[in-house]
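These notes are about the structure you will find just below.
The values are calculated or read from the model by the stated rules, or taken from the named source; none is laboratory data. Here the structure is a predicted model, which means the values were calculated and not measured. Every residue, glycine among them, receives a Cβ derived from its backbone with ideal geometry; neighbour counts consider all protein chains shown. Each accessible area value is taken on the protein alone, full model and side chains, heavy atoms only, with ligands, DNA and RNA left out. Shrake-Rupley method; radii C 1.70, N 1.55, O 1.52, S 1.80 Å.
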Amino acid sequence: MSLLDVSVRTKRFGGEGQGGEAREGAAPVLSDVRFQLAVGEVLGLVGASGCGKSTLLRIVAGLDPDFDGEVRLDGRTRHGPDRDIGVVFQEPRLFPWLTVAENVGFDLGQGHDERWVETLLDEVGLRGLGDALPRQLSGGQAQRAAIARALYTKPRVLLLDEPFSALDAFTRMRLQDLVREVARAHHTSLLLVTHDVEEAVLLSDRVLVLGAAPGRVVRRIDVPLVHPRGRGSAAVADLRGEVLRELERQQ
Ligand SMILES: Nc1ncnc2c1ncn2[C@@H]1O[C@H](COP(=O)(O)OP(=O)(O)OP(=O)(O)O)[C@@H](O)[C@H]1O
Ligand SMILES: [Mg+2]
């Protein structure tokens, strides 16, 4: 059985009434998006700007209950956010008044496990910066803190929405490797939204290409390459080309 089972029949914004299927008028943003995620699997999600990737991620994260369909984790339908699913957004979204360590260990209603926070800070390369405030961090460091925070609840699935797009090329490469390593160490499954097709191919076991208006899965491309994958390798370039051609067809 898969760990995560996503089935979005319809998602619309605006209009009246409850539930996506009841809406008339507003055009669907997502239609018939179905996929599964196995334990430890990395699934890349690519598609043109505005095709509905962030909308889909918010649904999977439990942040948007207003859709027709269901998200199952371990076979159970989920309603609302939960500790088994962590999210990393494009920008770090740290609380500016809390220290880095307090941000990482911020977990409503739960105790603050200092040793676990230290371990996570170590893992993401922020050792010694636990007492710093977010404004004292660089963009890359802040995004590392956001990754550590998302891992704090030991989620089984980590959702990443263009997590590295605001970073320089070298920081991005380091964080790509970091996320892959951390996910493997914690047996965390990843759902990675990215505009960087090479990033999708380097990190994913499978890439879903979404078409637009309405957002739907137009292609599933397996990436049967062992890790570590060479950034400049012919196999990576071939698959990158295949994904790009599919994206071009959708324009
Ligand atoms: N809260 C909202 N209310 C109304 N429409 C919305 C809302 N959020 C998103 N949309 C619309 O839904 C569509 C999908 O938006 P979404 O942000 O999911 O796209 P995306 O694929 O993440 O784009 P990008 O790659 O630019 O981040 C867009 O047409 C957008 O205008
Ligand atoms: Mg988006």
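Could you name every one of the helices (runs of 4 or more DSSP H) located completely within region 135-251 that has at least 3 residues being open to solvent by less than 20 Å² (accessible area, probe 1.4 Å) and closer than 22 Å to Gly50 by Cβ? Talk me through it step by step, then tell me what you get.
Values: elements: 139-151, 169-186, 197-203, 234-249.
Those helices (runs of 4 or more DSSP H) span 197-203.
Report the residue count in region 23-69 for those that are part of a helix (DSSP H, G or I) and more than 10 Å from ligand 1 (Cβ to nearest atom). Show your work before the answer.
So the first thing to find is which residues in region 23-69 are part of a helix (DSSP H, G or I), and the list is 53-60.
Restricting the remaining residues to those that are more than 10 Å from ligand 1 (Cβ to nearest atom) gives 60.
Going through region 23-69 one residue at a time, the tally reaches 1.
If I go through region 84-115 residue by residue, how many of them are crowded, with 16+ Cβ neighbours inside 10 Å and part of a helix (DSSP H, G or I)?
Looking only at that region, the number is 5.
Go through (1) of a type in the set (S, T, N, Q); (2) over 16 Å from Phe35 (Cβ atoms); (3) in contact (Cβ under 8 Å) with a residue 40 or more places away in the chain one by one and return the number of the condition Ser204 breaks.
(2)
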